[in-house]
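Read the structure below first, then the notes.
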Amino acid sequence: MQFLGIGPLELLLILILMIVVLGPKGMVKAARELGKLIHKVTHSPYWTEVMETSRELWDLPHKIIKDAGIEEEIRELRENVNSVSDKLTGYGTRSVSSHGDFHSRKELKQRDSLRAENDKRKNSSEE
């Protein structure tokens, strides 16, 4: 399990270094200040704008495909790649996403359902 690209052993090493450098009392104070900073950043209007832009960038390839009208071709290509992948692996547990990354089919279905929900929300808010 990783958190922000940091594995459990790295996290343990960081905690040990914090205790050695800051001491127990200093570590508590530093954690409190870090929490305040994170709260201040995540509740700022800039953070909202950054998150909205990030969502738009994440959906950009999907919008381009939709505007170009090549959704069916992309779907057929994915099906072909997945069928070849199934034949090669023999298990059929991996799929290729639109970005060429390998994901489990469960992850792809969850992402597609979230996109569909977001599209429905956007369409209903535009009306």
Of the candidates LEU60, LEU15, the one satisfying the condition of being of a type in the set (A, V, I, L, M), surrounded by 10 or more Cβ atoms within 10 Å (Cβ to Cβ) and within 18 Å of ASP112 (Cβ to Cβ) is LEU60
ASP67 - would you say it is over 30 Å from LEU15 (Cα atoms) and touching a Lys or Arg at 6+ places or on another chain (Cβ under 9 Å)? no
Subset of segment 5-49, residues assigned to a helix (DSSP H, G or I) and of a type in the set (Gly, Ala, Ser), comes to GLY23, GLY26, ALA30, ALA31, GLY35
Test ARG94 against the stated conditions and say whether it is at pLDDT below 80, in contact with a Phe, Trp or Tyr (Cβ under 6 Å, 6 or more places away or on another chain) and outside the structural domain of HIS62 (by TED's automatic domain parsing). yes
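The values are calculated or read from the model by the stated rules, or taken from the named source; none is laboratory data. As the structure is a computational prediction, the values presented were derived from the model and not from experiment. All Cβ positions, even for glycine, are placed from backbone atoms using ideal geometry, and neighbour counts span all protein chains on display.
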